[in-house]
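K.L.:
Take this structure first; my questions come after.
Just so it is clear, none of the values below were taken in a lab; they were calculated from the coordinates. Keep in mind it's a predicted model, so treat the numbers as computed, not measured. For neighbour counting, all protein chains shown are included, and Cβ atoms are generated from backbone atoms with ideal geometry for every residue, glycine included.
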Amino acid sequence: MDTTEIKTIVESLVFASEAPIKAERLAEALDVDKEVIVTVLRELVRDYETMRRGFHLQEVAGGYQFRSRPEYAEWVRRLQKNRPFKFSRAALETLAIIAYRQPVTRAEVEYLRGVDSGGVVKTLLDKHLIRILGKKDIAGRPLLYGTTAEFLQVFGLADLSSLPTLKEFSELTPETLETEGAHLEDGAGHGWPEDELDE
C-alpha cells in the first residue's frame, strides 16, 4: 500500500469508529508500523485545518476522532434540539479536584471543597466522567477516584497532560465550559440535560 491509500483507509476507519480510535489499533488493522499511522494522522489533522471544513480531526482521549467545530455548536444544537450542556459550580469544582489530584478520596474532595460532595460524586460516576480506581491503603479503605477516557473526550483532551494549568482553569466559568463542551451535542457526544450535572 502506498501512503495515499493508507491515508484514505485511515480516514475511513476514523470516520466509522464510534469512539476515538488509537494509532495502535489502526496500525494493527492495516498491518503497518505505528509510526506510519502517526505520520498519516498528523497529515490528516493538517489537511482538515487547511480545508476549514465544518469538522476537524482531533486527538482526544489517546485516540483520534472527527468532531464538529466549536464555532458551529449553536447550529448543531438547533438541529438536535438539545439544551446546552452545563456544569454547575459544585460539579465543576469536584471534577477539577479529582482531575488534578487523582487518585483522590471523597473525604479529600470534601475537605478541599468544604462541603459534602457525595451527590456530585455519584452524578459524575453515573455520567462516566470519573471512576473508582481502587481503595486507599489506610483505615477504612476509602475509595479512590480518578477521571475516565470519557472525561478526556468531553473536554477534548488528548491525555491528562493536556489539562489547562490551574491558573487557566481558575479563569474558566460554567458559561465558558458550556461553549467549550459544545461538542457533546455534535453527534459525537451525549447531549445530557443541563440539570443532570447541577447537584
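K.L.:
Taking 0.36 nm per residue of sequence separation and subtracting the Cα-Cα distance, how much length would be gained by fully extending the chain between residue 75 and residue 126, in nm to one decimal?
P.N.:
Length gained, residue 75 through residue 126: 15.6 nm.
K.L.:
Can you work out the base-10 log of I(q)/I(0) for the range 3-68 at q = 0.12, 0.16, 0.18, 0.24 1/Å, using the Debye formula on its C-alpha atoms alone?
P.N.:
-0.25, -0.45, -0.57, -1.04
K.L.:
With 10 Å bins from zero, work out the P(r) of the range 89-170 over every alpha carbon pair and list the percent per bin.
P.N.:
In whole percents, the pair-distance histogram is 18, 54, 26, 2.
K.L.:
Sticking with this one: With all pairs of different alpha carbon atoms counted, what Kirkwood hydrodynamic radius in Å does the range 41-145 show? Before the final figure, lay out the partial values.
P.N.:
On the way: mean 1/r = 0.0600 Å⁻¹.
So the Kirkwood estimate lands at 16.7 Å.
K.L.:
List the residues whose amide H sits under 5 Å from the amide H of residue 64, counting only those 5 or more places along or on another chain, with H placed 1.01 Å from N in the peptide plane.
P.N.:
21, 22
K.L.:
Then there's this: Select from the range 45-108 those trypsin sites (Lys or Arg not before Pro) which occupy a DSSP coil region and have at most 13 other Cβ atoms within 10 Å, ordered by residue number.
P.N.:
Details: sites: 46, 52, 53, 67, 77, 78, 81, 86, 89, 101, 106; in loops: 52, 53, 81, 86.
Answer in residue order: 52, 53, 81.
K.L.:
May I pose another question? Would you grab the residues whose amide H sits under 5 Å from the one on residue 104? Only those 5+ places off in sequence or on another chain, please, with H modelled 1.01 Å from N.
P.N.:
145
K.L.:
Can you compute the modelled spin-label distance between residue 52 and residue 13, with each label point 7 Å from Cα toward Cβ, in nm?
P.N.:
3.2 nm
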